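Everything below concerns the one structure shown next.
What follows is calculated from the coordinates using simple rules that are stated; it is not laboratory data. Quick caveat: nothing in here was measured; it's all calculated off a predicted structure. Cβ placement follows ideal geometry from the backbone for every residue including glycine, while neighbour counts extend to all protein chains displayed.
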Amino acid sequence: METLDKEKLAGAQAQMPRHVAIIMDGNGRWAKARGLPRAVGHRMGVEAVRRTVRAGIELGIEYLTLYAFSSENWSRPMAEIDDLMGLMKRFIRGDLAELHQSGVRIQVIGDRANVDTELLALMDEARDLTRANTAITLVIAFNYGSRREIAGAARRLAERALNGEIVAADITPEMLSAELDTKGVPDPELLIRTSGELRLSNFLLWQAAYTEFVFLDAFWPDFGRELLVQAVSEYASRSRRFGGLSHRSRA
């Protein structure tokens, strides 16, 4: 680990978040600030993904969830949507072998509706090929919207209750969690959003109930190891109370 990392992470290893989620924001504004097309910003955003996955493995993060395409992004111009879909295809085709060799396990969450069959097949291939890997789990939130996810989970529980499989009065938060797209993935301890925006944008609303948020002014194409270390260090400096009192307060 570099000297910079050692200084920033001194004493923090015991508090390293197991799961980090990131809202990758600012590709278009990064490009605009440089007089470049938005598509260039998205391509540079893919480079930031590569840097971040490598850094996550090096830092010992177990789960990394990236908000790649929201269910609201369909309202963007069709040319930009096509470019984003193409980038996702090229990322899987071009990086899958290296990700697999590096021990990355890939999962994809989100609604499969409206996603073209070629991209769905590539996602399934990535999931199946990397299923047994253990270095890090990369969760890609694609065509994902948390409200849809929660509504779907509630609907499935209601159907089970109507079918007599469960009693409605016995439904617990844990049962609803088990119906979410993220079933089997621990809730994120740290959520990072780039570009200076201060909102969740329909991302992991249920799972982030006790997540620590770090908002960075940097645009996503500038993100990498140093900013990840900065965010993790900020997380490690906080006292997580989960509605109770800190150890210092109880003393």
Amide H partners (placed H, <5 Å) of Asn143, local residues excluded: Phe69, Ser70
For the chain, give the magnitude of the charge dipole about the Cα centre (Cβ charges: +1 Lys/Arg, -1 Asp/Glu; no others), in debye to the nearest 20. 480 debye
Give me a comma-separated list of calculated 3J(HN,Hα) values for the range 18-31, in order, Karplus coefficients 6.51, -1.76, 1.60 applied at θ = phi - 60°, integers in Hz, x for any Gly or Pro. 6, 10, 10, 10, 9, 8, 7, 10, x, 4, x, 5, 4, 5
Cα pair distances in the chain, grouped into 5 Å bins until the bin that holds the longest one, percent each: 1, 6, 12, 16, 18, 17, 13, 8, 5, 3, 1, 0, 0
Could you sort 53-62, 154-163 so that the peptide with the highest average Cβ count within 10 Å comes first and the rest follow in order? 53-62, 154-163
What helices in the chain pass both tests, a Cα length along the helix axis of 20 Å or more and a mean Kyte hydropathy of -0.5 or higher, using whole DSSP H runs? 38-59, 78-101
Cut-off under 5 Å, modelled amide H: who pairs with Thr65 long-range: Val20, Ala21, Ile22, Val139
The base-10 log of I(q)/I(0) that the Debye equation returns for the range 109-251 at q = 0.12, 0.22 Å⁻¹, one scatterer per C-alpha, is -0.70, -1.40
